[in-house]
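Structure record follows, encoded as structure tokens.
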Amino acid sequence: MKGSLLNDQFFSRLETLSLELRSNLTGYFGGKHLVNRYGQTVEFADFREYQLGDDIRRIDWNLYSRFEKYFLKLFTDERQMQVQIFLDCSASMGEDNEEKSSYAVATAAALGFLAVHNMDKVTFNIMKGEKSDNPFGTIVGKTAFFRAISTLENVKFEGDADINACVTSCPDTSTNNGLTVIVSDFFTESNWKKAVDYLCYKNRQVLLVQVLTRDEIDPSYDGRVNLIDSESVDVSDTKNMKIRITRSMQKAYEEALNDYLQDIKTFCNKRGADFVTVCSDTAIEKVLFGELLKVGIMS
Amino acid sequence: MKLLAPLGLLGLISILILIFIYIIKPNYQQKRISTTFVWKLSLQYKKKKIPLSKLRNILLIICQVLILIAASLILSQPNRVLKVDQARSEVVAILDSSASMLTEDADEVTRYERALTEVKNQADSVLAKEDGLFSLIVANEAPYFLIERVTNKYTGLESELETIEDSCSYASSDIETAVLMCEDILLDNSHAQIVIITDKTYDSLPEGITVIDVKDEEEYNVGILDASAYYDDICNTFTITVGYYGNSTKTVHLNLNIPEANPSDSSSENGVEIDLNQEIYFPGSMTKTIIFKYFSEDEMPEEAGPNDEIVYYPIGDNEKVYRYKSAIITLTDEAGYSDFDSFVLDNTFQLYGGLKPVIKVVYASALPNPFVPAAIQNLKNKVYKDVWDIQLTEIKMGGEVPTEGYDLYIFEDAWQGTTALPSVVPDKLPQDGAVILLNPLKAPTNGGFHIDKYLSLGNNLQYIYRDTEVDHVLLENVYPDDIGITRYNRIDSYDSYETLMYFDEDPVFMIKNDGADKIAVLNFSVHFSNIALTSSWPHLIKNIYDYFFPTTVTSNAFEINESVILNSRGEQLLITGTNLENGIEFKTFPAEYQFTAYGTYEITQTTYYGVQLTDKVFVRIPRAESDIYAAEASIESPYKETKISDFYQNLLLYFAIALVTILFIEWLLHIREEA
């Protein structure tokens, strides 16, 4: 585990939580997520009138004695979901900022743990360039999970990442069977919104987790600075910029950031996706027990 | 607004330097961040802001530019130019340096000395002030600035005044010109005071002019204003004008002393002394004319009253003066002292010209006519009655023609009909006098001309002409166009003659005046011409006479600084006398000279014919200076423009206040920027 972010105590607390997924997901057989379909669990759900071809073993004879009609007992179905976690491993996510990268990893790990704890499948997709890579395969069970996490800790954050290309090209994206989480700072020129649209098309539940550092939320530097973007190729890269940061400039930054985040929020609301912004200097417990609980993705 | 030091605006170059600094100044520190995405977004946000915010961003540089502008303007010394009538303490003293200022009071202190004391007082008074200016104009006949606009820092005032302590002139003063000389000072400082320190009184004075009168009421003057003598048919009559200027009555004695009256000739010492005295009573300030004249018994004038302005003093038979070398006129008091009054320079007068120089004229003619003698007699009895003693000798027909012993020879040849009478022209012209040849039928050997033949022009007068481009003194009042001839002697060659009248391109009147060679040739006869009947004839003879015998001086009495025209009958002329111990020589004539000192001068010359001539002149104080209580009407006001000079209201304070204010604003902005 990276640092002190994830420890046994934290995981033991996570065990009290579960991912709240939409009930209209189909998922896979044998999970813990209650879906709005009838299944083979022992939990009574509803009665239904007998139709020709139904299994007669499911006729509720008590109802028959009462109503002299044949009714079937229906039971809830619990399904297993697939949780896809896309982790943005571009340079902006932490090439120069270990805190941000470890926080992003921890967030992804925490969500992955919750998934496997709820007996769901988890896949970790490392987004780099235009492709996402899943070196761990589908993870089921905690043993495989912790094995994957120890590798995930050592992932390198470098280059850039086209979220849209990475998500849409991922072969593991099934339809209507789970949650897709994208962990990124979403500070990219690429049209990541298409990725969300894709996922919505795939009828997946979408959660966007934006990880920012304190400096990104409220830059502490000012004056004449030559800002070198971590994803820039060289000094002359157009991503770099010379700027004189004044008070007004800082105000403009704040406004631009707020508007950008609001824009993301509005977009997600329209798509039914969840969006959370977390600061890397905030305790991860607060994120999980706070922000994620707020949006209803946890219970 | 005016900038007293516009070069200070060069400080605006600092703005360029400031801009250059802003351009090159940026020293960007490198900062590696995760992403510039949001910063790029914020730039767009900045661009959307209203222009005033943009202005706010460059407010600091605007402040700095304003600071530099204010500093540059301060260096340029901004001043608001106002027009102010600049008043400054200034005195221009005009010191009257005329002869009347030599009038002494009872303590023998002259007015001039009192005036100098007053000049010092004026100087001390104005120079005691911090911004005081003092000037001194010495007003003699040609006023000049002795001291011009000095301040109290000037240390040479005393020494300058010492240089003029004994410089009071004997002439008049030109106060008017001295006042006008103050114009430049008045243009610069219209409040300058002009102080005239004088003994004259003015009826009215323009504004800004003050007169300090240095007269003493006890002073008085009796002076000889003028004296002259003229010879009537009997003897000389002496006319003396005496003026008294004072506050009480006065009795003085006038003495006319002729030490050598009636000498036989000018070089003789055998004259007799004639002394005439007259007591003159003045009831008050007035002028009296005393006339010493011979009266016959039936012409005796009445005794003059005390208030009569003309007093006749009949002289006796033994007091007649026919000729005199000099006459000394003196005013004295009862005790016989001539320095009894306050102004002594006009108490004596010397009269010269009592001996008229003799000019001997001989007229020899082959056929004497009355025209020539008449012309000479006209000069003798009328024109030069009081100037020359012209003695005419007429040689009768056939008589011996003199060739020496005369000053002027007139030789006239003649025809009788068509027959030429024997020529009276000598073979060799006289060497001791001037010659006039009238109708010469032969050319003398030393005449310098040749006669070709005589020409008869018929019975009708043929008129002669002159060279209109030549304006000669000999042709003054002579009109050749009116002169007609019927016959003339044609001169075909002539040497060193100046031709003045012509007939048919032949000379008919020519003149030579080359040192001792003084020859006038009129080569036509008065008998065969109408010249003697025209007004030109006496004028021509007079002009020839004046040309050959110019008077040395036009008078024997002049005022100081009066221009005197000098002529000589020789090569040079020497003047000796007061202030001219070594004499002054003249070689070009007519010459002009001004006598600057009072007294008697002797003018000597040797004629071309070796005759030594001496003339005496008396130079006196100007008549106007004898009136020591003279009053003038007014003085012309000098041009006085109220000098509106520039007053500079310094704006430095305001610009400095603005500068400090802008500096304060810039400091505030800087703090906000840093915050």
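The values are calculated or read from the model by the stated rules, or taken from the named source; none is laboratory data. All figures in this text were calculated on a predicted structure; none of them were measured in a lab. For neighbour counting, all protein chains shown are included, and Cβ atoms are generated from backbone atoms with ideal geometry for every residue, glycine included.
Which one is nearest to residue B:540 (Cα to Cα) among residues in region B:499-523 that are out of contact with any Ser or Thr (no Cβ under 9 Å at 6 or more places or on another chain) and β-branched (Val, Ile, Thr)? By that ranking, first place goes to B:521.
Considering region B:22-127, the qualifying helices (runs of 4 or more DSSP H), each wholly inside and each with 3 or more residues that are modelled with pLDDT of 90 or more and over 60 Å from the mean Cα position of the chain (by Cα), run over B:37-47. Restricting B:511, B:519 to those that are closer than 21 Å to residue B:408 by Cβ, touching an Asp or Glu at 6+ places or on another chain (Cβ under 7 Å) and surrounded by 20 or more Cβ atoms within 10 Å (Cβ to Cβ) reduces the list to B:511.
In a residue-by-residue description of region A:39-61, the property of being surrounded by 13 or more Cβ atoms within 10 Å (Cβ to Cβ), at pLDDT below 80, charged (D, E, K, R) and assigned to a loop (DSSP other than H, G, I, E, B) applies to no position.
Filtered by the rule that a residue be without any contact (Cβ under 8 Å) to a residue 40 or more places away in the chain and under 16 Å from the mean Cα position of the chain (by Cα), region A:134-144 gives A:134, A:139.
Listed by position, the strands (runs of 3 or more DSSP E) contained in region B:185-276 that have at least 3 residues being touching a residue at least 24 places away in the same chain (Cβ under 8 Å) and surrounded by fewer than 22 Cβ atoms within 10 Å (Cβ to Cβ) are B:201-204, B:221-231, B:236-245, B:250-261. Given (1) touching a strand residue (DSSP E or B) at 6+ places or on another chain (Cβ under 8 Å); (2) closer than 24 Å to residue B:557 by Cα, where does residue B:284 come up short, assuming only one miss? It fails just one condition, (2).
Test residue B:541 against the criterion of being in a strand (DSSP E or B) and in contact (Cβ under 8 Å) with a residue 24 or more places away in the chain, and give yes or no. So residue B:541 does not fit the description; no. The residues in region B:148-182 that are under 25 Å from residue B:561 (Cβ atoms) and touching a residue at least 24 places away in the same chain (Cβ under 8 Å) can be counted, and the count is 20. Quick one: which of B:350, B:391 is of a type outside the set (D, E, K, R), over 34 Å from the mean Cα position of the chain (by Cα) and closer than 30 Å to residue B:607 by Cα? The conditions single out B:391.
The one condition from (1) out of contact with any His (no Cβ under 8 Å at 6 or more places or on another chain); (2) surrounded by fewer than 16 Cβ atoms within 10 Å (Cβ to Cβ); (3) not aromatic (Phe, Trp, Tyr) that residue A:149 does not meet is (2). The single condition among (1) closer than 18 Å to residue B:437 by Cβ; (2) in contact with a Leu (Cβ under 6 Å, 6 or more places away or on another chain) that residue B:484 does not meet is (1). If a residue must be free of Cβ contacts under 8 Å to residues at least 60 places away in the same chain and within 15 Å of residue A:192 (Cβ to Cβ), how many such residues does region A:271-289 contain? Result for region A:271-289: 0.
Hey, could you check region B:282-319 for residues that are surrounded by 15 or more Cβ atoms within 10 Å (Cβ to Cβ) and of a type in the set (D, E, K, R) and say which is nearest to residue B:248 (Cα to Cα)? Per the criteria, the residue is B:288. Considering only residues that are part of a strand (DSSP E or B) and either more than 17 Å from residue A:156 (Cβ to Cβ) or hydrophobic (A, V, I, L, M, F, W, C) (or both), look in region A:96-133 and name the one that is nearest to the other protein chains (Cβ to nearest Cβ). This residue is A:127. Looking across region A:125-146, the residues that are surrounded by fewer than 18 Cβ atoms within 10 Å (Cβ to Cβ) and under 18 Å from residue A:89 (Cβ atoms) come down to A:129, A:130, A:131, A:133, A:135, A:137. Filtering region B:366-379 for residues that are among the aromatic types (Phe, Trp, Tyr), in a loop (DSSP other than H, G, I, E, B) and closer than 30 Å to residue B:543 by Cβ leaves an empty set.
Residues checked against (1) in contact with a Gly (Cβ under 7 Å, 6 or more places away or on another chain); (2) buried (at least 19 other Cβ atoms within 10 Å of the Cβ); (3) modelled with pLDDT of 90 or more:
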position: B:555; (1), (2), (3): no, no, no
position: B:574; (1), (2), (3): yes, no, yes
position: B:592; (1), (2), (3): no, no, yes
position: B:604; (1), (2), (3): no, no, yes
position: B:638; (1), (2), (3): no, yes, no
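Each row is one residue, and each column tells you yes or no for (1) closer than 17 Å to residue B:434 by Cβ; (2) surrounded by 15 or more Cβ atoms within 10 Å (Cβ to Cβ).
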residue	(1), (2)
B:360	yes, yes
B:363	yes, yes
B:368	no, yes
B:382	no, no
B:391	yes, no
B:396	no, no
B:399	no, no
B:412	yes, yes
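Could you please let me know if residue A:175 is in contact with a Phe, Trp or Tyr (Cβ under 9 Å, 6 or more places away or on another chain) and of a type outside the set (A, V, I, L, M)? Against the criterion (in contact with a Phe, Trp or Tyr (Cβ under 9 Å, 6 or more places away or on another chain) and of a type outside the set (A, V, I, L, M)), residue A:175 qualifies. Counting the residues of region A:227-240 that are without any contact (Cβ under 8 Å) to a residue 12 or more places away in the chain, at the interface with chain B (Cβ under 10 Å from one of its Cβ atoms) and hydrophobic (A, V, I, L, M, F, W, C) gives 1.
Condition test on residue A:199, is it crowded, with 16+ Cβ neighbours inside 10 Å and either within 10 Å of chain B (Cβ to nearest Cβ) or modelled with pLDDT under 90 (or both)? It is false that residue A:199 is crowded, with 16+ Cβ neighbours inside 10 Å and either within 10 Å of chain B (Cβ to nearest Cβ) or modelled with pLDDT under 90 (or both).
When residues in region A:241-263 are screened for being more than 7 Å from chain B (Cβ to nearest Cβ), in contact (Cβ under 8 Å) with a residue 12 or more places away in the chain and of a type outside the set (Lys, Arg), 4 of them pass.
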